[in-house]
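Visitor: Can you read through this structure? Questions will come right after.
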Amino acid sequence: MNLRRDVFQAIADPTRRAILILVASQSMTAGAIASNFDTARPTVSKHLQILTECELLHQEQNGREISYHINAKKMKEVSDFIEPFRNMWDDRFNKLESIMKTYQNKK
């Protein structure tokens, strides 16, 4: 399947990140997800479509309802990609903190 959207474009939107946080703990229907936002349901549906196209969410048909649940494997791929950058910034902030402590002690 050729994805139309990039996963990082999908998670750049604060509403989509909020949806991922909601669905991370339990699967939810589109209506249940939409009830957590002050936007129209079609807007939330568009966000769900983007997250599904990027494979961050999976859809599961239960009778007439569609439940959305997190795709842990895809979220792990995103996390694995980001981890080296997180480590780099942690190292830089730790060095800065050390320099600042040294500077404060000299005062």
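The values are calculated or read from the model by the stated rules, or taken from the named source; none is laboratory data. Values in this document were obtained by computation on a predicted structure and should not be read as measured data. Virtual Cβ from ideal backbone geometry, glycine too; neighbours counted across all protein chains shown. For the accessible areas, the whole protein counts, side chains as well, though only heavy atoms, and no ligand, DNA or RNA atoms are used. Shrake-Rupley method; radii C 1.70, N 1.55, O 1.52, S 1.80 Å.
Visitor: State whether one or more residues within region 68-85 are free of Cβ contacts under 8 Å to residues at least 40 places away in the same chain, surrounded by fewer than 15 Cβ atoms within 10 Å (Cβ to Cβ) and of a type in the set (A, V, I, L, M).
Guide: Yes - at least one qualifying residue is present in region 68-85.
Visitor: Here are the criteria: (1) open to solvent by 40 Å² or more (accessible area, probe 1.4 Å); (2) modelled with pLDDT of 95 or more. Tell me which single one R5 does not satisfy.
Guide: (2)
Visitor: Inspect region 50-67 for any residue being within 19 Å of P14 (Cα to Cα), part of a loop (DSSP other than H, G, I, E, B) and among the hydrophobic types (A, V, I, L, M, F, W, C) and give the result as yes or no. First the steps, then the outcome.
Guide: Step one: list which residues in region 50-67 are within 19 Å of P14 (Cα to Cα), which gives 50-57.
Pick out the ones that are also part of a loop (DSSP other than H, G, I, E, B) and you get 54-56.
Subsequent filtering for residues that are among the hydrophobic types (A, V, I, L, M, F, W, C) retains 54, 56.
Yes, region 50-67 contains a residue that is within 19 Å of P14 (Cα to Cα), part of a loop (DSSP other than H, G, I, E, B) and among the hydrophobic types (A, V, I, L, M, F, W, C).
Visitor: Does region 30-48 contain any residue that is surrounded by 15 or more Cβ atoms within 10 Å (Cβ to Cβ) and in a loop (DSSP other than H, G, I, E, B)? Working first, answer last.
Guide: Residues of region 30-48 surrounded by 15 or more Cβ atoms within 10 Å (Cβ to Cβ): 30, 32-34, 37, 44, 47-48.
Still in the running and in a loop (DSSP other than H, G, I, E, B): 37.
The answer is yes, given that some residue of region 30-48 is surrounded by 15 or more Cβ atoms within 10 Å (Cβ to Cβ) and in a loop (DSSP other than H, G, I, E, B).
Visitor: Could you list all residues from region 87-99 that are of a type in the set (A, V, I, L, M, F, W, C) and open to solvent by less than 90 Å² (accessible area, probe 1.4 Å)? Before the answer, list the steps.
Guide: First, pick out the residues of region 87-99 that are of a type in the set (A, V, I, L, M, F, W, C): 88-89, 93, 96, 99.
Listed by number, the residues that qualify are M88, L96.
Visitor: While we're here: Please work out which one of (1) touching a helix residue (DSSP H, G or I) at 6+ places or on another chain (Cβ under 6 Å); (2) of a type in the set (D, E); (3) loosely packed, with under 10 Cβ neighbours inside 10 Å is the condition E55 fails and give its number.
Guide: With respect to (1) touching a helix residue (DSSP H, G or I) at 6+ places or on another chain (Cβ under 6 Å); (2) of a type in the set (D, E); (3) loosely packed, with under 10 Cβ neighbours inside 10 Å, E55 is out only on (3).
Visitor: Give me the pairs, please: first residue somewhere in region 28-43 and closer than 13 Å to I66 by Cβ, second residue anywhere and open to solvent by 40 Å² or more (accessible area, probe 1.4 Å) and in a helix (DSSP H, G or I), beta-carbon distance under 8 Å, and either six or more positions apart or on two chains.
Guide: M28/L22; A30/R41; A30/S45; G31/R41; I33/L22; A34/R41; A34/S45
Visitor: So, H69, is that one under 21 Å from I19 (Cα atoms) and in contact with an Asp or Glu (Cβ under 8 Å, 6 or more places away or on another chain) or not?
Guide: Numbers: under 21 Å from I19 (Cα atoms): yes; in contact with an Asp or Glu (Cβ under 8 Å, 6 or more places away or on another chain): yes.
Yes, satisfied.
Visitor: Listed residues A18, A10; which is outside any strand (DSSP E or B) and either open to solvent by 40 Å² or more (accessible area, probe 1.4 Å) or at pLDDT 95 or above (or both)? Walk me through how you get there before you give the answer.
Guide: Values: A10 fails: either open to solvent by 40 Å² or more (accessible area, probe 1.4 Å) or at pLDDT 95 or above (or both).
Of A18, A10, the one residue that is outside any strand (DSSP E or B) and either open to solvent by 40 Å² or more (accessible area, probe 1.4 Å) or at pLDDT 95 or above (or both) is A18.
Visitor: Checking Y103 against (1) of a type in the set (S, T, Y); (2) open to solvent by 80 Å² or more (accessible area, probe 1.4 Å); (3) under 13 Å from the mean Cα position of the chain (by Cα): exactly one of these is not met. Which one?
Guide: Result: Y103 passes all but (3).
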